[in-house]
1. Return yes or no: is residue 41 surrounded by 13 or more Cβ atoms within 10 Å (Cβ to Cβ) and touching a Ser or Thr at 6+ places or on another chain (Cβ under 9 Å)?
2. What do you reckon, is residue 67 in a loop (DSSP other than H, G, I, E, B), among the small types (Gly, Ala, Ser), over 27 Å from residue 90 (Cα atoms) and open to solvent by 30 Å² or more (accessible area, probe 1.4 Å)?
3. Check segment 10-29 and report whether any residue there is open to solvent by less than 40 Å² (accessible area, probe 1.4 Å), out of contact with any Leu (no Cβ under 9 Å at 6 or more places or on another chain) and either touching a residue at least 60 places away in the same chain (Cβ under 8 Å) or assigned to a loop (DSSP other than H, G, I, E, B) (or both).
4. Would you be able to tell me the number of residues in segment 2-56 that are at positive phi and not aromatic (Phe, Trp, Tyr)?
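The values are calculated or read from the model by the stated rules, or taken from the named source; none is laboratory data. It should be emphasised that the depicted structure is a prediction, and the values quoted were computed from it without experimental measurement. All Cβ positions, even for glycine, are placed from backbone atoms using ideal geometry, and neighbour counts span all protein chains on display. With ligands, DNA and RNA removed, areas are computed over all heavy atoms of the protein, side chains included. Shrake-Rupley method; radii C 1.70, N 1.55, O 1.52, S 1.80 Å.
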Amino acid sequence: MISARVVKMHLSSRGIAEIPICDMDRERFVLVDFGGRRYHELKTNLWTEADDDDQDIVYLGTGRHGGGIVLKPLFVKISGRWFNVTTGQEAPVDLP
């Protein structure tokens with residue numbers, strides 16, 4: 001385990017934040033952000049960037065009260081190990 005503060009500093013240094021989704025490719029079940037990046041579902045409601053072969057961020061799909069989907073960072077890979085963004089604990093799920 002590492003501290004949640006270290007994880008948040010890592011995210012901040014890389015500019016990783018919530019991602020508002022503006023579109024969905026329903027045929028391929030892919031979400032699209034305003035910059036055109038695409039995200040596919042890794043596991044139920046866990047999303048990763050579709051065009052990134054070296055995935056090191058897993059997002060949680062959430063909804064806004066006013067409508068729309070937002071992907072929030074949930075797990076981040078640091079030094080080859082996955083950590084929960086909120087707690088700093090190692091991720092309990094099998095991630096790529």
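1. Values: surrounded by 13 or more Cβ atoms within 10 Å (Cβ to Cβ): yes; touching a Ser or Thr at 6+ places or on another chain (Cβ under 9 Å): yes.
Taking the combined requirement at face value, the residue satisfies it.
2. Taking the combined requirement at face value, the residue satisfies it.
3. yes
4. 3
Yes or no, residue by residue, for (1) in a loop (DSSP other than H, G, I, E, B); (2) open to solvent by less than 40 Å² (accessible area, probe 1.4 Å):
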site	(1), (2)
47	no, yes
53	yes, no
62	no, yes
72	no, no
76	no, yes
83	no, yes
88	yes, yes
94	yes, no
